[in-house]
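Derivation of every value follows stated rules applied to the coordinates shown; laboratory data play no part. Since this is a predicted model, take the numbers as computed values, not measurements. Note that each Cβ is placed from the backbone with ideal geometry, even for glycine, and that neighbours are counted across all protein chains shown.
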Amino acid sequence: MRFRSSQLSLALAGVAFLAIVAAGCGSSSSSGSGSLTLYSAQHEPITEAFAKGFEEENGAEVKIRYGEDEGLASQIEQEGDASPADVVLTENTPPLEGLSEKGLLSKVDSPTLEEVPSQYISPAGDWVGVAARETVMVYNPELIAPSELPASILDLAKPEWKGKLAIAPSEPDFVPIVSAIEKLDGEAAAKEWLEGFAANAKHYNDNEGIIAAVDSGQVAAGIINHYYWFEAVAEEGKDKVPSKLHYFGHEDPGALVNISGAGILASSDEQELAQEFLAYMVSKEGQEAMTHSGDWEYPLNSAVAPPPGLKPFDSLEPPKVTPADLGDGSGPLELMQQVGLL
Amino acid sequence: MPVADASRSGAALAAPLGWARRGRGRTPVGLLALSAAIALLALAPVGFLLDQTLAGGWAEVERLLFRPFVGHLLVNTAMLVVVGTAASAVLGVAVAWLVERTDLPGRRLWAVLAALPITVPAFVTSYSWVSITPAVQGFWGATAIVTLAYYPLIYLPVAAVLRGMDPALEETARSLGLSPWRTFLRVTLPQTRVALLGGMLLVAIHLLSEFGAFAMLRFQTFTTAIYDEYKLSFDGAGASMLASVLVLLCLFLLVAELSARGRGRYARVDSGAARPAPPARLGHARWPALTGFAALVGLSLGLPLATLVYWVATGSSAGIDVSALLSACGTSLELGLGAAALTTLLALPISVLSVRHPSRLATLIERATYLPFALPGIVVALALIVLSLQHLPALYSSTPLLIVAYAILSLPLALVATRAALAQVPPIHEEVARSLGSRPLVALARVTLPRILPGLGAAAALVFLATVTELTATLLLAPIGTQTLATQFWAKASTFSYGAAAPYAALMVAISAVPTYLLTRRLGAVVRPPER
């Protein structure tokens, strides 16, 4: 290969082009009265709705790092006092409970806690619930008649469901279901249920995969959180999503309500601003911004109506399982490893 | 990477061992120390991983390693690597032979089109397919899609060898009575062996470490399981254990490739007066061949691009936020250029060492950089998070640290390209310069460097391509608030917002097109058949 000046100049021109585009694309900087760093395991639409709404109302700037529930919680632990995070927002309560137990969270102002029903806040007052999701069964009506729908999630461990179910054991939404069964029926029952359910089910990576599998008829049913199904319908159209939702209700563990919550890092230098951010999240304005974000979660402030089309929140009849009962979620993980799900 | 490999002439490509005697004098200690330091930097995540794995004691290793789930992953990953690599090899060799050695109509055009799928990241291809039908999810669908995405890694280097090959050997075989098919198997194919094995190694390593595509295709491998572990518990004993298995698998592949390459020498003292081989006549077989090419280009390139256009135009979530899009684009370009510059710089000493002063130690140093290459981005990222928090807190969550991660993850790509370029420059020029009084470094800078600039450009382009499409390391290591095209695409595609995700994917393909164009132009200039 000979060195050719034409090639070199072409390469240089390419680099120059990229550099110019890079300079032109440079991100804009915003100014405000303060700056908060939010670690979010929540979906982007809802996170952005909170952050943008607060920026507009307060004038502060909110910087966001995205991650996954336990991943972010452990990252905060690793970072310790040096953590850049001021506020953490998770999809489920176990990581918040874990941080709370380790003394890494500040107390949330009581007016903020009072905006939300007491079963959806931290037992120690360390975090506040900001949104809720309902556990549901998604099923393909061509493969399951309404009369065949199970009364309880516990029925899904029975042999007649063999090969008909989808499971996404690595979804952080799945772990609390195991915790709930453990709490309501004991560890032995939870293990037995897990073994039965695992033997009946095909593996998928996440809730989205379960819905796709049910829609295409690969499996007849799966357990998901309701909002994934509503997102799929909104994006792809009702005609492309033939599956339907079955609500267990009747205080069944399969009707578990998952709480997404937010807490303030004890190491944060912006305690006051962080408190204002949490207050905004549960305020009427914040909750409305969230319900309009297209993420289909239930608001927890009773003054705000859920997105249209959802089953009314007070008709869900969830089991009596508290965030304290769910704990930091480490118990079910070991159970899931024992039965070979992880 | 193969594009650069392809730029060597056939004979040089086939002679990785042939440089041994060209080394003059003793290896400079400074060069050796510098190269070793760079290799150690690249190995830092691997060391951290082993430390994590063994920290809990052997009982913990047993508990986490010998469980049914790991067996399930091992079966999945092994099947994927074996079938995917074999399928890519068959497809890559077939395409290379058809465009280089037959009278296939339009072969120049097909030659370019068949190379282009490397512009489209595998996870974008997967997203396209999944958005059309979830039926592609699972083993066979996943294997087929990644084969379509990765076969150019084999096609390109093999095509380059076929082009430079002297037809005299084949003619001799034919004259001695071998059938055309047996000639191909016994004479032609063995000559492509080094290129073929090198390409297969790259495909296999990509399959081991690919995350986005298999997450989209809902197929569990060690890499997707490591990400799942991170979702459920960061402290990482479980994730480290899985990643250690991945390192072992990579070691196995490296050794397998080296031993399969064997001791056979394919180099010629002189490349001779090779003339272009007369093209094989396809006859009626050209119709199925043409149909095959149309299908291949349609499936590997046309369909993903058409899907992107469709989703940009129609997705109901597609209210395009132009400023977010441009800001992500700017970040991707900055990070890509930064990583390209650093990685090429780091690759240079190791290349000089292994080409000019080959030894066992030099080979060891060079090969060591392949281990982190097989690690998923997330594993390197987790290691760098902990290491930086413990030892260099100022670097934590900074752009420089992210760029170091990119360098660790793509060093072998830059190495392949710079080594290939260096090997083309005879050391005699440097020696002449030194005999005239130049100091070694000055001779290198003034005589050799100008001649390997295109090779360095190729290295930078390859690293840029890999960086722009990197996902999991970026998610964890990027400074807070930093979004790249890949992370934004991922955030949207993973919540069904196909329409909102598409512009990010389209822009990613567009900015990848610039370096790819430079690479293929270079390839075209170097390996175009001689003028008749």
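Using the C-alpha atoms of chain B, what convex hull volume per residue, in cubic angstrom, is computed?
Values: hull volume 87.6 nm³, N = 532.
About 165 Å³ per residue, rounded to a whole number.
Along the charge dipole of the protein assembly as shown, which of A:LEU113, B:PRO479, B:SER354 sits closest to the positive end, that is, farthest toward it, with unit charges on the beta carbon of Lys, Arg, Asp and Glu (+1, +1, -1, -1)?
B:SER354
How large is log10 I(q)/I(0) at q = 0.11, 0.16 Å⁻¹ when the Debye formula is applied to the Cα atoms of the stretch A:200-309, each weighted equally and without solvent?
After summing over all Cα pairs, the log10 values are -0.50, -0.89.
Kindly rank B:160-168, A:91-99, B:326-334 from highest to lowest mean number of other beta carbons found within 10 Å of each residue.
The peptides rank, most packed first, as A:91-99, B:326-334, B:160-168.
Averaged across B:330-337, how many Cβ atoms of other chains sit within 10 Å of each residue's Cβ atom?
Mean inter-chain Cβ contacts per residue within 10 Å come to 5.
If I model the stretch B:350-504 as equal point scatterers sitting on the Cα atoms and use the Debye formula, what is log10 I(q)/I(0) at q = 0.09, 0.12, 0.20 Å⁻¹?
For the stretch B:350-504 at q = 0.09, 0.12, 0.20 Å⁻¹, log10 I(q)/I(0) is -0.42, -0.67, -1.18.
If I take R0 = 51 Å and measure r between the Cβ atoms of B:VAL90 and A:ASP269 in this structure, what FRET efficiency does the formula 1/(1 + (r/R0)^6) give, to the nearest 0.05?
0.25
Just the ratio, please: alpha-carbon radius of gyration of the stretch B:85-228 over 2.2 N^0.38 Å, N its number of residues.
1.21
The stretch A:113-175: percent of C-alpha pairs farther apart than 17 Å?
59 percent
Work out the length of the dipole vector of the protein assembly as shown about its Cα centre, built from +1 on the beta-carbon of each Lys and Arg and -1 on the beta-carbon of each Asp and Glu, and round it to the nearest 20 debye.
Roughly 7560 debye, rounded to the nearest 20.
Positive end of the dipole of the protein assembly as shown, charges at C-beta (+1 Lys, Arg; -1 Asp, Glu), about the Cα centre: which of A:PRO84, B:ALA135, B:LEU178 has its Cα farthest in that direction?
B:LEU178
Assuming 0.890 mPa s and 25 °C, estimate D for chain A with Stokes-Einstein, Rh taken as the Kirkwood radius over Cα pairs, in µm²/s.
Working: Rh = 21.6 Å.
Using the Kirkwood radius from Cα pairs, D works out to 114 µm²/s.
With the convex hull built on the Cα atoms of the stretch B:49-88, state its orientation-averaged projected area in nm². List each step's numbers first, then the result.
Details: hull surface 13.9 nm².
That works out to 3.5 nm², a quarter of the Cα hull's surface.
From the C-alpha gyration tensor of the protein assembly as shown, pull out the three semi-axes of the equivalent ellipsoid (sqrt of 5λ each), sorted largest to smallest, in whole Å.
Result for the protein assembly as shown: semi-axes of 50, 30, 25 Å.
Show me B:407-414, B:449-456, A:125-132, A:185-192 ranked by packing, highest mean number of other Cβ atoms within 10 Å first.
Top of the packing list down: B:407-414, A:125-132, B:449-456, A:185-192.
Using only C-alpha atoms and all pairs of different ones, pull out the Kirkwood radius for the stretch A:132-266 in Å with one decimal.
Mean inverse Cα-Cα distance, inverted, gives 15.1 Å.
Compute the length gained on full extension between B:VAL112 and B:LEU189: take 0.36 nm times their separation in residues and subtract their Cα-Cα distance, giving the result in nm to one decimal.
25.5 nm
Across the stretch A:257-338, how large is the tail of the calculated P(r) beyond 15 Å, expressed as a percent of all Cα pairs? Intermediate results must be reported in sequence, preceding the final value.
Details: 2315 of 3321 pairs.
Distances greater than 15 Å cover 70 percent of the Cα pairs.
Averaged over its residues, how many other protein chain Cβ atoms are within 10 Å of peptide A:80-86's Cβ atoms?
Partner Cβ neighbours, averaged per residue: 2.
Applying 1/(1 + (r/R0)^6) with R0 = 56 Å to the Cβ-Cβ distance of B:ALA513 and A:ALA124, what FRET efficiency is obtained, to the nearest 0.05?
0.55
Where does each of B:341-349, B:31-39, A:48-56 land if you order them by average Cβ count within 10 Å, highest first?
With the highest mean Cβ count within 10 Å placed first, the list reads B:341-349, A:48-56, B:31-39.
Compute the acute angle (0 to 90°) between the alpha-carbon long axis of helix A:226-236 and the principal axis of greatest extent of the alpha-carbon atoms of chain A; round to the nearest 10°.
Here the helix axis deviates by roughly 60 degrees.
Go ahead and run the numbers for FRET between B:LEU282 and B:HIS429, Cβ-Cβ distance against an R0 of 60 Å, rounding to 0.05. Kindly include the intermediate steps, with their values, before the conclusion.
Details: r = 44 Å, r/R0 = 0.73.
My answer for the efficiency is 0.85.
Under 20 Å from a point 7 Å along the Cα-to-Cβ line of A:ASP325: which residues of the stretch A:249-290 have their amide N that close?
A:249-261
For Cα pairs less than 8 Å apart in space and 6+ apart in sequence, what is the mean separation divided by the residue count of chain B, i.e. the relative contact order in percent?
Normalised by residue count, the contact order of chain B is 24 percent.
With Cβ to Cβ distances under 11 Å as the rule, what net charge do the other residues near A:THR322 carry (K, R +1; D, E -1)?
Every neighbour counted, the sum reads 0.
Using alpha-carbon pairs under 8 Å, 6+ residues apart, how would you state the relative contact order of chain A in percent?
Relative contact order comes out at 26 percent.
Taking the Cα atoms of the stretch B:279-318, report the difference between the largest and smallest coordinate on each principal axis, in whole Å and largest first.
That gives 51, 15, 9 Å along the principal axes, largest extent first.
Among DSSP bridges having both ends in the protein assembly as shown, what percentage is antiparallel? Round to the nearest 5.
Taking every DSSP beta bridge within the protein assembly as shown, about 60 percent pair in antiparallel fashion.
Eigenvalues of the Cα gyration tensor times 5, then square-rooted: what semi-axes does that give for the stretch B:20-179, in whole angstrom, largest first? Don't skip to the answer; put the middle values down first.
Details: eigenvalues 292, 186, 61 Å².
Here the semi-axes work out to 38, 30, 17 Å.
Putting +1 on Lys and Arg Cβ atoms and -1 on Asp and Glu Cβ atoms, find which of B:TYR230, B:LEU43, B:LEU162 reaches farthest to the positive end of the dipole of chain B.
B:LEU162
Within 10 Å of each Cβ of B:506-518, how many other protein chain Cβ atoms are there on average?
Neighbouring Cβ atoms belonging to other protein chains average 2 per residue here.
About the Cα centre of chain A, how large is the charge dipole given +1 on each Lys and Arg Cβ and -1 on each Asp and Glu Cβ? Please answer in debye to the nearest 20.
1280 debye
About the Cα centre of the stretch A:188-342, how large is the charge dipole given +1 on each Lys and Arg Cβ and -1 on each Asp and Glu Cβ? Please answer in debye to the nearest 20.
That gives the stretch A:188-342 a dipole magnitude of about 620 debye.
Using only alpha carbon pairs under 8 Å that are at least six residues apart, calculate the relative contact order of the stretch B:56-181 and give it in whole percent.
Relative contact order for the stretch B:56-181 comes out at 35 percent.
Can you give me the Rg/Rh ratio for the stretch B:279-383, using Cα atoms for both radii and the Kirkwood formula for Rh?
1.17
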